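Worksheet for the structure shown next.
The values are calculated or read from the model by the stated rules, or taken from the named source; none is laboratory data. Just so you know, these numbers come straight off a predicted model, no measurement behind them. Here the Cβ positions follow ideal geometry from the backbone for every residue, glycine too, while neighbour counts run over all protein chains shown. Note: areas computed on protein heavy atoms with side chains; ligands, DNA, RNA excluded. Shrake-Rupley method; radii C 1.70, N 1.55, O 1.52, S 1.80 Å.
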Amino acid sequence: MTGNVVSRRYAKALFTIGAAKGEAEQKAYGEQLSELAQSVQAAPEAIAFFKNPSFSAEEKKAVLNKMVEKASVDPMVRNFCDLLADKGRAEMLPAIASDYKVMMDVVSGVLTGEFVTVSDMSEERKAQIKARLEEQCGKKLELTFLADKAILGGIVLKIGDKVMDASLKAQLQILKENIKRGE
């Protein structure tokens, strides 16, 4: 099993428990899980510690419990973290939080994506683009705007698992392939 399959299973388990308790609980679990994941990611040595097989499950559980205490999370999330430590999956907390967020976004009708251009845009322009894309797809969008000089010009839009590559780099690549084929 790959890590993403495992993290999705754990995320789905917590998501299902949250759904049974109500939408507010479900959202709270996601926020708390995200907060814990950010704590783990902020300290690369924490991920290395959780991955290290020379430390026992109890030692990992103790460290994770300290992080949980600082975050002051719901008892269900605390128990979930204990389960992760017991099963040797504590290092997967960031991936599980990410998968949980995806599930919450699906339920709430939010799409996440990236909008890549050659240079940075003004906040006003970003808002205009986001509003127009939300209008076209009929859903709320969480867009990350990036600047990448490697695309040479144009845009690359990634929403969910769909990619629209209207970059100059992609167009030149298509032209190169056509020339190779003699078209």
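Before moving on, here are some points about what is shown:
- Total residues in segment 108-128, condition hydrophobic (A, V, I, L, M, F, W, C) and in contact (Cβ under 8 Å) with a residue 40 or more places away in the chain: 3
- Residues (hydroxyl-bearing (Ser, Thr, Tyr), open to solvent by 50 Å² or more (accessible area, probe 1.4 Å) and in a helix (DSSP H, G or I)) located in segment 92-121: SER98, SER108
- Any chance ARG89 is closer than 18 Å to LYS60 by Cα and open to solvent by 70 Å² or more (accessible area, probe 1.4 Å): yes
- The helices (runs of 4 or more DSSP H) located wholly in segment 1-85 that include 2 or more residues which are closer than 23 Å to MET103 by Cα, open to solvent by less than 40 Å² (accessible area, probe 1.4 Å) and in contact with an Asp or Glu (Cβ under 7 Å, 6 or more places away or on another chain) occupy 3-21, 23-42.
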